[in-house]
């Protein structure tokens, strides 16, 4: 640069850092706020979906259900439910049904869903549960150990795509069976 020449220093563009979020047990969240979040994330017609019908009458498993917060406002939620895989003539195997996993539309892309899933996976690994299942995107949920292969012979009453029926198992489960609600107390560790 010639003597006396002034260079214009380029300043990087100012970027607002993403908001910081925290996680807590879902029981800390107001049920009305959870329903409002779920309506915003999935629509008000969500109750007719197969996953909702499967868990009808069940109480969420509190140790496996989480909330995400930004500045004291509910920004995400993850609920887990008791279900079971029934095999005629052999009995039923308890499972945890994961979902819905919801993030407020304005807060998507901040890693909230990943953090909720990581909290779930850690709690599941440390707890007495032996299997989880969900209806979800295999490409996304595969990073959390969920796969379609263990559930290829499982069935649910209602419409669903078989490739989206996913499982994460600590132990062997039957290759075939029917998924159904397992009505248990809300705080039950057995699922």
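Since every read-out is calculated from the coordinates, none of them should be taken as a lab result. Because the structure is a prediction, the values reported are computed rather than measured. So basically every Cβ, Gly included, is an ideal-geometry build from the backbone, and we count neighbours across all protein chains shown.
Details
- Contour excess over end-to-end distance, with Cα ends at residue 155 and residue 172 and 0.36 nm allotted per residue: 4.4 nm
- Calculated [θ] (222 nm, deg cm²/dmol) that DSSP helices of n ≥ 4 give over the chain, each run adding -39,500 (n - 2.57): -5500 deg cm²/dmol
- Per-residue Cβ neighbour rank within 10 angstrom, fewest leading, 130, 152, 171: 171, 152, 130
- GNM remark for the chain: springs join alpha carbons under 10 Å apart, and the peak mean-square fluctuation among 100, 150, 128 falls on 128.
- With neighbours defined as other Cβ atoms within 10 Å of a residue's Cβ, the residues 97, 59 order from fewest to most as 59, 97.
- Angle of helix 112-126 to the longest C-alpha principal axis of the chain, folded into 0 to 90 degrees and rounded to 10: 50°.
- GNM top mover of 168, 49, 180 - the chain, alpha-carbon springs below 10 Å: 49
- Working from label points 7 Å from Cα in the Cα-to-Cβ sense, the residue 140 to residue 42 distance is 1.2 nm.
- Using alpha-carbon coordinates, inclination of helix 31-42 to the longest axis of the chain, degrees: 80
- Taking the C-alpha atoms of the chain, convex hull volume expressed per residue in Å³: 167
- Shape of the range 80-129, Cα gyration tensor, a/c cut at 1.5: oblate
- Residue separation of residue 71 and residue 32 scaled by 0.36 nm, minus their Cα-Cα distance, works out to 12.2 nm of gained length.
- With both residues required to sit in the chain, DSSP beta bridges show an antiparallel share near 85%.
- Relative contact order of the range 22-181: 23 percent, from C-alpha pairs under 8 Å at least 6 residues apart in sequence.
- As a rough footprinting exposure proxy, the listed residues 121, 87 were ranked by other beta carbons within 10 Å of their own, and the order from fewest upward is 87, 121.
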